[in-house]
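Asks: Encoded as structure tokens, here's the structure I'll be asking about.
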Amino acid sequence: MEGGGEEVADDRAMNISLKDLSKKLEEFAKARDWEKYHSPRNLLLAMVGEVGELSEIFQWRGEVDKGLPNWDESDKEHLGEELSDVLLYLIRLADMCGIDLGDAAAKKIVKNAIKYPPKLF
């Protein structure tokens, strides 16, 4: 794109909320008449399959450094796609179960902070 359009698109993608993604997923499924297939069980199994694909990326690499400095850009892009697949299925699963994922995650962070307080040295 010319005139900095890519920066605008990148900024918009970085600021998208879980609710925005949820709405896009709902519209995507409705447009294809896929809602009948989006039972919690089916979505969970699909997500587990995607987690398997994500695991394959790391399977024979051993430990990797933060930021993946020794990875090719194509490998990082593939990783991003698989992470996205897992995230999108998770959001859709939460919706089909009536769970506000953002709210549940925020509450879980608070619960974990209480359960695992920082160590004072």
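Asks: Per residue, how much accessible surface does the range 5-121 expose to a 1.4 Å probe? Answer in Å², no decimals. All intermediate terms of the calculation are to be shown ahead of the outcome.
Replies: Working: 9240 Å² over 117 residues.
In whole numbers, the range 5-121 has 79 Å² accessible per residue.
Asks: While we're looking at this one, here's another question. Taking the Cβ of Leu18 as the center, what net charge do the other residues with Cβ under 13 Å away carry, scoring Lys and Arg +1 and Asp and Glu -1? Intermediate values should be presented prior to the final figure.
Replies: Values: positive: Lys19, Lys23, Lys24, Arg92; negative: Asp20, Glu26, Asp95, Asp100, Asp103.
Here the charged neighbours net out to -1.
Asks: Taking GluC sites (Glu not before Pro) as candidate sites, keep only those in a DSSP loop with at most 12 other Cβ atoms within 10 Å, then name the longest stretch of the chain containing none of them.
Replies: Values: sites that count: Glu2, Glu63.
The answer is 3-62.
Asks: Here is a follow-up. Of the labelled options (i) 29.7, 85; (ii) 17.9, 57; (iii) 13.3, 43, which one gives Rg and Dmax of the Cα atoms in Å as computed for this structure?
Replies: It is the one labelled (ii).
Asks: Here's a follow-up. Less than 9 Å Cβ to Cβ from Ile57, Lys/Arg counted +1 and Asp/Glu -1: what total charge do the surrounding residues give? Provide the component values of the computation, followed by the final result.
Replies: Working: positive: Arg61; negative: Glu53, Glu56, Asp75, Glu82.
That sum, taken over residues with Cβ under 9 Å, equals -3.
Asks: Which of Ser17, Ser39, Ser74 moves the most in a Gaussian network model of the chain with Cα springs under 10 Å?
Replies: Result: Ser74 has the largest fluctuation of those listed.
The values are calculated or read from the model by the stated rules, or taken from the named source; none is laboratory data. Remember, it's a predicted structure, so these values are computed and weren't measured experimentally. Virtual Cβ from ideal backbone geometry, glycine too; neighbours counted across all protein chains shown. Accessible surface is based on the protein model in full, side chains and every heavy atom, while ligands, DNA and RNA are left aside. Shrake-Rupley method; radii C 1.70, N 1.55, O 1.52, S 1.80 Å.
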